[in-house]
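The values are calculated or read from the model by the stated rules, or taken from the named source; none is laboratory data. Small disclaimer: the values here were computed from a predicted structure and weren't measured. Positions of Cβ are generated from backbone atoms using ideal geometry, with glycine treated the same way; all protein chains shown enter the neighbour counts. Surface areas here come from the heavy atoms of the whole protein model, side chains and all, with no ligands, DNA or RNA. Shrake-Rupley method; radii C 1.70, N 1.55, O 1.52, S 1.80 Å.
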Amino acid sequence: MSEANRSDLPLPDYDGLPLGELQHRIRALDATELRTLLAYEQDHGQRTAVVELLTARLEQLAAGAEPTGADPAAPRPQAPPRRAGSPVSPATSTEPIHPPPHGTPEQHGKPKGNRAV
């Protein structure tokens, strides 16, 4: 496949996709489309992780997996944004418990058994 055929790829933005996004999008492709991407990758990028990903998905399809039927050009659903900052505050934390090892003024420490008081 040549540079001129880049527009014929089943994923128009294929070259710019990170591995995680590519993994999501190829699930909608059939074996013919995956072989097209694999041939393009082997002729151009030869990225080991991408070749392994495409080969593994081809094996899944050969074993009976079905394409998802989703739009391969659709971006992966984004997780809701994480809350910034810590949920812990003085209002939500408990009071610290730090009893001294020798007791408190209301509760005197016990002497050891072999010592005189």
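Output yes when any residue across region 28-48 is modelled with pLDDT under 90 and touching a Lys or Arg at 6+ places or on another chain (Cβ under 8 Å), and no when none is. Among the residues of region 28-48, not one is modelled with pLDDT under 90 and touching a Lys or Arg at 6+ places or on another chain (Cβ under 8 Å), which makes the answer no.
The number of residues in region 1-13 that are surrounded by 11 or more Cβ atoms within 10 Å (Cβ to Cβ), part of a loop (DSSP other than H, G, I, E, B) and of a type outside the set (Asp, Glu) comes to 5. Here Gly45 does not fit the description of being of a type outside the set (Asp, Glu), within 22 Å of the chain's Cα centre (by Cα) and surrounded by fewer than 14 Cβ atoms within 10 Å (Cβ to Cβ).
Considering only residues in region 51-91 that are open to solvent by less than 90 Å² (accessible area, probe 1.4 Å) and more than 30 Å from Leu34 (Cα to Cα), the one that is modelled with the highest pLDDT turns out to be Ser89. Restricting the first member to region 73-96 and to residues that are closer than 21 Å to Leu19 by Cα, and the second to residues that are at pLDDT 70 or above, the beta-carbon pairs closer than 7 Å and six or more apart or on different chains are Ala73/Leu11; Ala73/Pro12; Arg76/Glu21; Arg76/His24. If you filter region 14-42 down to residues that are without any contact (Cβ under 8 Å) to a residue 40 or more places away in the chain and part of a loop (DSSP other than H, G, I, E, B), you find that the one that is least open to solvent (accessible area, probe 1.4 Å) is Leu17.
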